[in-house]
Amino acid sequence: MGRQLLLDNLDKPGINTLSGYQQTGGYESLKKALQMKPEDIVTEVQKSGLRGRGGAGFPTGMKWSFLAKPPGEPRYLICNADESEPGTFKDRYLMQHKPHILVEGMIISSFALGANTSYIYIRGEMMYVYHILQKAIDEAYAAGYLGKNILGSGFDLDLHVHCGAGAYICGEETALIESLEGKRGNPRIKPPFPAVKGLWGCPTVVNNVETIAAVVPIIRITGEEYAKIGVGKSTGTKLISASGHINKPGVYEIELGVPVEEFIYSEQYCGGIRNGKKLKAVVAGGSSVPVLPAELILKTANGEARLMTYESLADGGFATGTMLGSGGFIVMDEDTSIVKNVWNFSRFYHHESCGQCSPCREGTGWMYKILSRLLDGKGETKDIDLLWDIQRKIEGKTICPFGDAAAWPVAASIRHFRNEFEQYISKGKSDVKHYYRINNLQES
Amino acid sequence: MARVTIDGHTIDVPEGTTIVEAARKIGGDIVPPTMCYYSTLKTSGGYCRTCLVKVTKGSDKDPRPMPKLVVGCRQTVMDGMEVQNITSPEVLEAREGVVEFLLLNHPLDCPVCDQAGECDLQDLSYAHGDEGTRTEFRRRTFPMKSIGDKIKLHMNRCIMCYRCVKVAEQLCPERVHGVLNRGWDAEISTYIEKAIDSEWSGNMIDVCPVGALTDKTFRFKSRVWFTKPLDAHRNCDVCCGKVAIWVSGDAVLRVTGRKGVYHEIENTEDGKPGWICNTCRFEKKNLSDWVIEGPRHIDRHSVISQNHYEQLKQLKQDLSRQKQIGEKAHNN
Ligand SMILES: Cc1cc2nc3c(=O)[nH]c(=O)nc-3n(C[C@H](O)[C@H](O)[C@H](O)COP(=O)(O)O)c2cc1C
Ligand code: SF4
Ligand code: SF4
Ligand code: FES
């Protein structure tokens with residue numbers, strides 16, 4: 001196991017309470033940060049090479065440096081805890097077990113950005129985590145880490161947790177901001193970007209839970225030390241939510257750069273495919289990223305071992321590569337049907353589209369209907385080309401990246417597993433009813 | 001000023017002008033079609049994606065092309081920008097896709113739709129759509145609703161352009177009109193079907209690009225191309241009183257705002273949009289209510305601009321085309 005910067009001390013009793021967290025050195029980074037100049041914290045984060053853990057992997061220090069600072073206008077920091085990407089459950093795990101690392105990260109980051117009011121926007125279904133966070137925040141207020149004149153530094157911060165209503169799209173940062181303002185969670189048309197006009201029209205930074213939590217160890221060990229972990233531009237540690245047909249599903253903190261093969265088969269991590277089955281395919285970064293067949297996830301098209309880094313997973317572009325995304329690592333064994341899998345994903349995207357732009361609103365539903373018909377044994381060969389054409393007409397033509405997220409799984413499934421679609425069509429047997437029944441789903 | 005070139009036509013426009021507005025200054029075929037953008041409604045545009053264009057050169061300062069197609073109704077021009085609209089096969093293909101998406105759940109009930117003949121979706125699909133349809137599924141349906149006692153909402157025909165929502169936000173002081181539900185199931189509604197009793201609500205009918213919002217006082221009275229549009233005015237305490245009346249014989253069948261070449265309500269002399277009030281629109285249905293100024297030229301490429309004043313032959317062709325579409329819809 002590599003270095004544990006986020007999930008360390010999870011076995012310590014009371015780590016979810018203020019005193020337990022403090023016994024393991026909690027809030028020391030805050031004390032250190034409050035002695036620093038805010039811009040030096042930003043520099044430290046830039047040096048660390050930390051990249052956004054919400055999916056896009058945008059360098060956090062750079063994002064922070066883009067924040068507009070018009071005089072007299074408040075600035076906001078929002079933590080994106082909407083985690084709803086299928087296959088991703090790392091933020092929940094971290095917040096549930098170690099809420100104070102997020103609270104501490106929020107205080108340091110708010111100080112660095114000059115925000116005096118900050119928000120954690122949490123997914124509606126995670127009500128119990130909301131209560132855990134609220135308790136941690138109450139404790140932090142009582143200890144003088146939040147509120148007026150924090151630890152005598154003259155810095156004031158109010159931290160609020162806001163519960164969403166359970167819409168995946170509210171994880172998109174501008175939809176999140178709309179929702180936080182009490183409006184319908186529709187993504188905004190950019191520009192302007194949140195760094196210029198975000199919450200209440202003021203400059204705003206939105207960061208993922210894991211991104212903000214990572215600021216705490218960065219301040220503790222320095223950005224330079226943090227940047228030594230990992231490979232190239234993929235620095236530091238990353239939480240991976242491993243699920244599917246593996247022996248040991250769960251959340252793992254890896255040093256970026258672990259070979260994919262080691263991550264799947266080593267006893268430290270996933271422990272191999274369960275029941276001695278063979279690996280068939282992996283969705284490496286949450287449902288939105290392209291699925292890859294075993295041979296391409298373990299090795300790049302050039303035959304190099306694929307590593308768990310932003311660059312290595314993306315090697316080969318979408319033709320032979322994928323993305324690290326949010327780190328939702330879904331492993332499928334040889335018995336898995338790719339068609340059923342992509343049908344399930346397309347059902348999700350059909351259900352979650354906000355409906356603002358026509359390609360996404362109509363296209364996601366259309367793809368879902370075609371895949372349902374395929375699964376019902378009534379597909380035709382032309383359906384495969386039609387699916388391909390529809391996803392192409394959605395990708396890159398929508399307001400927010402949701403359209404791409406809905407298109408990519410369909411594209412990759414056809415690209416790498418076209419024969420399975422053809423088999424389904426020639427078999428002509430319906431699986432959809434059965435599938436609805438075993439999964440307790442409503443047909444729609 | 002910024003100098004922008006669209007499909008080879010160059011024009012200087014003030015900084016901050018959008019690609020669509022710049023193209024409209026040039027005029028003609030190179031103007032991207034717009035279904036959701038409405039120049040006089042703030043924050044409109046960006047939804048339908050019909051105005052997607054390709055920026056092949058960002059600006060003189062930064063000549064890199066933009067990586068994706070952009071919406072012309074929102075993207076502002078930069079000095080030296082070069083844009084492709086109808087000269088880009090990529091744009092035309094994307095637009096064909098958008099038309100297909102917009103028609104995917106559209107009932108294609110033009111034969112019984114009041115908007116037929118002055119419908120932006122008809123124009124768009126003639127100009128940019130494919131001949132046939134690849135849709136093989138049942139279309140989405142919603143119950144019919146009323147938005148107040150004068151406006152009918154036929155949600156099946158709605159393309160979710162949000163224009164009526166912007167009218168409600170910006171013209172009707174108390175907002176009770178918006179979008180309910182999400183995605184595929186999203187629908188326009190007055191909250192809890194509460195009637196809008198604003199003097200300005202009728203303007204929603206004029207901004208609706210399709211037949212989703214129609215005038216109950218005109219419903220099924222006549223095909224629009226059988227009525228004669230005349231510019232007319234009256235002294236009105238509430239609005240500008242400058243309207244188009246649509247007459248048949250001595251009867252005023254319908255009153256609308258005066259729509260210009262892009263089917264938007266024209267500005268009056270004071271430079272403000274000539275929105276009209278509900279009294280003028282719904283209550284004044286006698287010729288004697290109005291001072292008639294003269295025939296109104298309908299400056300659009302739809303069936304009514306090619307109507308019985310001009311090319312009857314074309315009209316017949318369009319009608320038989322509509323019939324085909326209708327039959328196709330019926331067979332589905
Ligand atoms: C449809 C959609 C859903 C998203 N959901 C989440 C989410 O649940 N959590 C998250 O952190 N980022 C999510 N994102 C990414 C955010 O828009 C944003 O990029 C991110 O919060 C930035 O944080 P980071 O730079 O720390 O990664 C989503 C994006 C899209 C397009
Ligand atoms: S891409 Fe989809 S989710 Fe994003 S704004 Fe458009 S309709 Fe909404
Ligand atoms: S009802 Fe008409 S104006 Fe309103 S969103 Fe639908 S198509 Fe647009
Ligand atoms: S007119 Fe530009 S997106 Fe609709």
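Any read-out appearing in this document is the output of simple, stated calculations on the displayed coordinates, not a laboratory observation. Bear in mind that the values here come from a model prediction, so they are computed numbers and not experimental data. Glycine also receives a Cβ, built like all others from the backbone with ideal geometry; neighbour counts cover every protein chain displayed.
Brief remarks follow.
- Helix runs (DSSP H) in chain B reaching 20 Å along axis by Cα, Kyte-Doolittle at least 1.6: none
- A:GLN22/A:ASN275 FRET efficiency (R0 45 Å; Cβ-Cβ; nearest 0.05): 0.55
- Modelled label positions at B:ALA251 and B:THR76, each set 7 Å beyond Cα in the direction of Cβ, lie 5.0 nm from each other.
- Nonlocal amide H pairs with B:MET81, under 5 Å, H built at 1.01 Å: B:ARG3, B:THR5, B:ASP60
- Axis angle, to the nearest 10 degrees, between helix A:338-352 and the longest C-alpha principal axis of chain A: 50 degrees.
- Computed on chain A, with alpha-carbon pairs under 8 angstrom and 6+ residues apart, the relative contact order is 15 percent.
- The residue list B:CYS208, B:TRP225, B:ASN286 was ranked by how far each Cα lies along the charge dipole of the stretch B:171-293 toward its positive end, using unit charges on Cβ atoms, and B:TRP225 comes out on top.
- In terms of Cα atoms, the Rg and Dmax of the stretch A:124-209 work out to 15.0, 41 Å.
- Extension gain for A:LYS148 to A:GLN423 (0.36 nm times residue separation, less C-alpha to C-alpha distance): 92.5 nm.
- The string of couplings for the stretch A:77-84 from the Karplus curve (6.51, -1.76, 1.60, θ = phi - 60°) is 10, 10, 9, 8, 10, 7, 2, 10 Hz, one whole number per residue in order, with x for Gly and Pro.
- For chain A, the longest principal axis of the C-alpha atoms and the axis of helix A:38-48 are separated by about 40°.
- Each of B:VAL255, A:VAL216, B:VAL70 has some number of other Cβ atoms within 10 Å of its Cβ, and from fewest to most they run B:VAL70, B:VAL255, A:VAL216.
- Mean Cβ count within 10 Å, highest first, over the residues of peptides B:259-272, A:400-413: A:400-413, B:259-272
- Remark: mean inter-chain Cβ contacts per residue of B:73-82 equal 1, using a 10 Å Cβ-Cβ cutoff to other protein chain atoms.
- Neighbouring partner chain Cβ atoms per residue of A:348-358, average, 10 Å criterion: 6
- Contact order relative to length of chain B, as percent, for alpha carbon pairs under 8 angstrom and 6 or more apart: 14 percent
- Label-to-label distance, nm, for residues given as B:ASP60 and B:ARG140 (7 Å Cα→Cβ offset): 4.6 nm
- When the Cα gyration tensor is reduced to axis lengths a ≥ b ≥ c, the ratio a/c is 1.5 or higher for the stretch B:160-270, and with a/b above b/c it is classed as prolate.
- Over the Cα atoms of the stretch B:13-146, the radius of gyration divided by the Kirkwood radius equals 1.02; this is the Rg/Rh ratio.
- Helix-only CD estimate at 222 nm, as mean residue ellipticity for chain A, using -39500 (n - 2.57) per DSSP H run (n ≥ 4): -13000 deg cm²/dmol
- Inter-chain Cβ neighbour count for B:96-104, averaged per residue, equals 6 (cutoff 10 Å, partner chain atoms only).
- Cross-link table A:LYS277/A:LYS340; A:LYS90/A:LYS382; A:LYS12/A:LYS47; B:LYS221/B:LYS272; A:LYS37/B:LYS61, entries beyond 29 Å C-alpha to C-alpha: A:LYS90/A:LYS382; A:LYS12/A:LYS47; B:LYS221/B:LYS272; A:LYS37/B:LYS61
- Descending principal axes extents, the protein assembly as shown, alpha-carbon based, whole Å: 89, 68, 51
- Two-site FRET efficiency, B:GLU15 against B:THR87, from Cβ-Cβ distance with R₀ of 35 Å, rounded to 0.05: 0.90
- Chain B, Rg to Rh (Cα coordinates; Rh as Kirkwood inverse mean 1/r): 0.96
- Cα centre as origin, Lys/Arg/Asp/Glu Cβ charges: chain A dipole, Debye: 520 debye
- Estimated dipole of the stretch B:86-126 in Debye, rounded to 20 [Cβ of Lys and Arg +1, of Asp and Glu -1, Cα centre]: 60 debye
- Remark on A:THR309: its backbone amide H falls under 5 Å from those of A:GLY257, a criterion applied only to residues 5 or more positions apart or on other chains, H modelled at 1.01 Å from N.
- Charge dipole (the stretch A:286-444, unit charges on Cβ, about Cα centre) - positive-most of A:LEU307, A:LEU375, A:VAL342: A:LEU375
- Chain B: antiparallel DSSP beta bridges as a percent of all, rounded to 5: 95 percent
- Folded to 0 to 90 degrees: helix A:358-375 orientation relative to chain A principal axis, Cα: 50 degrees
- For the residue pairs A:LYS393/B:LYS54; A:LYS31/A:LYS197; B:LYS54/B:LYS259; A:LYS248/A:LYS280; B:LYS242/B:LYS285, the C-alpha atoms sit more than 20 angstrom apart in A:LYS31/A:LYS197; B:LYS54/B:LYS259.
- Only Lys, Arg (+1) and Asp, Glu (-1) charged, at Cβ; the stretch B:43-82 dipole about Cα centre in debye: 220 debye
- Sequence-ordered 3J(HN,Hα) estimates for the stretch B:255-264 from the Karplus curve with 6.51, -1.76 and 1.60 and θ = phi - 60° stand at 10, 9, x, 8, 9, x, 5, 9, 6, 9 Hz, glycine and proline given as x.
- Between the alpha-carbon centres of the stretch B:106-152 and the stretch A:241-307 there is a gap of 48 Å.
- Counting only DSSP H runs of at least 4 residues, each contributing -39500 (n - 2.57), and dividing by the residue count of chain B, the helix-based mean residue ellipticity at 222 nm comes to -6000 deg cm²/dmol.
- For the stretch A:143-220 versus the stretch B:14-75, the spacing of their alpha-carbon centroids is 31 Å.
- Ordering of A:107-115, B:5-13, A:335-343 by packing [mean C-beta count within 10 Å, highest first]: A:107-115, A:335-343, B:5-13
- Rh (Kirkwood; distinct C-alpha pairs) - chain A, Å: 22.5 Å
- Backbone phi angles across the stretch A:382-398, fed through the Karplus curve with coefficients 6.51, -1.76 and 1.60 (θ = phi - 60°), yield HN-Hα couplings of 5, 4, 5, 5, 5, 4, 4, 5, 5, 4, 5, 7, 8, 4, x, 10, 10 Hz in residue order; Gly and Pro are listed as x.
- Residues whose amide H falls under 5 Å from that of A:TYR76, counting only those 5 or more places apart or on a different chain, are A:THR204, A:VAL205, with hydrogens built in the peptide plane.
- Sorted by Cβ density within 10 Å, fewest first, the residues A:LYS32, A:LYS393: A:LYS32, A:LYS393
- This ranking places B:ILE292, A:ILE246, A:ILE132, A:ILE120 by how few other beta-carbon atoms lie within 10 Å of each, fewest first, which gives B:ILE292, A:ILE132, A:ILE246, A:ILE120.
- Alpha-carbon centroids, the stretch A:55-109 and the stretch A:361-399: separation in whole Å: 35 Å
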